[in-house]
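I have placed the structure first, in the form of structure tokens, so that the comments after it can refer back to it.
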């Protein structure tokens, strides 16, 4: 969910782009929900995302502008406006995270409490989401990015406590931890952080690097997830990630530890 912002803090350039987008959409007699359903290569975004773009509270990606331009028959004008008004906007941006995740060329993630959504099995996700099948399916669809011909590089750090925190039952945990082992590949690495104080103790986060080398981060909290692109904020998270990776177990030792926990705790 995007952060609420006061109207007076809305970027004038983003608002100008959003108003033009709304005009083209309304000229085609399409609702925000219809546009949202077709976005992101058919995978969709939320109607709230479209609303935030139109109200100037979210800086959309170039890919979204290109999609909207074609869908709404703008003849390249929306893309030109994006280049003029959005690309150079210094206003902090708030994104729906799923489209950002789908566009990333690399993802660096740290999880303090549970397995990251991109690495969850169906049963593990179902227990976390209390059996909400729609939510489970949505989470599993996110994982399709890791099965592409050219998947993003995915580097995941897990606090050791995640391996011992029971979600579901021992069978669910055994399947989940075996899945973590199976995920290790040339493009996906999973490392375990020792259970001691480290720079990630305050919460989980993911940093996405896009094709243009810009970085966007998503931070979890008890209330909601927060997506941010402010360079100073992202740099702090990147520094924390580098610090934690330096003290994490190497991949081979992490695999050995996961196997040991499966054998001693979940078998």
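Extending 7 Å from Cα along the Cβ direction at residue 84 and again at residue 141 yields two label points whose distance is 3.5 nm.
Using a Förster distance of 35 Å, how high is the FRET efficiency between residue 63 and residue 243, based on the Cβ-Cβ distance and rounded to 0.05? Mind dumping the intermediate values first?
Details: r = 32 Å, r/R0 = 0.92.
With R0 = 35 Å, the Cβ-Cβ based efficiency is 0.60.
Between the Cα long axis of helix 133-142 and the first principal axis of the chain there is an angle of about 90°, rounded to the nearest 10.
In this rough spin-label picture, where each label sits 7 Å from Cα along the Cβ direction, the residue 235-residue 70 distance is 3.7 nm.
Spin-label model, residue 184 to residue 37: label points 7 Å out along the Cα-to-beta-carbon direction sit 4.5 nm apart. The angle between the Cα long axis of helix 62-71 and the main principal axis of the chain comes to about 50°, on a 0 to 90 degree scale. Maximal additional length on extending the residue 55-residue 19 stretch stands at 12.2 nm, based on 0.36 nm per residue less the C-alpha distance.
In units of the rule-of-thumb radius 2.2 N^0.38 Å, segment 10-86 shows an alpha carbon radius of gyration of 0.95.
Checking a compactness column here: for segment 97-265, what do you get for Rg(Cα) / (2.2 N^0.38 Å), N being the number of residues? Please list the in-between numbers first.
Details: Rg = 15.2 Å, N = 169, 2.2 N^0.38 = 15.5 Å.
In units of the 2.2 N^0.38 Å rule of thumb, it is 0.99.
In plain terms, the residue of 209, 227, 187 with the fewest other Cβ atoms within 10 Å comes first and the most crowded comes last, giving 187, 209, 227. The long axis of helix 170-183 is offset from the longest Cα principal axis of the chain by roughly 70 degrees.
Quickly estimate the mean residue ellipticity at 222 nm for the chain, helices only: each DSSP H run with n ≥ 4 gives -39500 (n - 2.57), and the total goes over all residues, rounded to 500.
On the way: 12 runs with 120 residues, N = 267.
One gets -13000 deg cm²/dmol as the mean residue ellipticity at 222 nm.
No value in this document is a laboratory result; all are computed from the given coordinates. Just so it is clear, the model here is predicted, and its values are computed rather than measured. Glycine also receives a Cβ, built like all others from the backbone with ideal geometry; neighbour counts cover every protein chain displayed.
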